[in-house]
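Reviewing the structure listed below.
The values are calculated or read from the model by the stated rules, or taken from the named source; none is laboratory data. Given the structure is predicted, the values throughout are model-derived calculations rather than measurements. Glycine gets a Cβ as well: all are built from the backbone with ideal geometry, and neighbour counts include every protein chain shown.
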Amino acid sequence: RDSALAQVEDGHVVCSRLRVEGSRQVYVFDIEIGKDATVERVLIDAYSGAVIGPAEKERER
């Protein structure tokens, strides 16, 4: 959680889940930025805590 939040300035976690990608487990954190509903998705390796992928920007709603 802390690793994910460190990737996005002034964000807060709105959703997190554990999923399998290939042969590893990753945590997916959706982090909302500001009040305009912009969500940054951050993937973190479940075992090492390392950021493992580029963040994807999405619009919600």
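A few remarks follow.
- Those residues of the stretch 31-46 which are part of a loop (DSSP other than H, G, I, E, B) and surrounded by 13 or more Cβ atoms within 10 Å (Cβ to Cβ), in sequence order: 46
Listed here are the residues, each with its yes/no results for (1) at pLDDT 80 or above; (2) part of a strand (DSSP E or B); (3) in contact with an Asp or Glu (Cβ under 8 Å, 6 or more places away or on another chain).
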residue: 14; (1), (2), (3): yes, yes, yes
residue: 18; (1), (2), (3): yes, yes, no
residue: 29; (1), (2), (3): yes, yes, no
residue: 48; (1), (2), (3): yes, no, no
residue: 57; (1), (2), (3): no, yes, yes
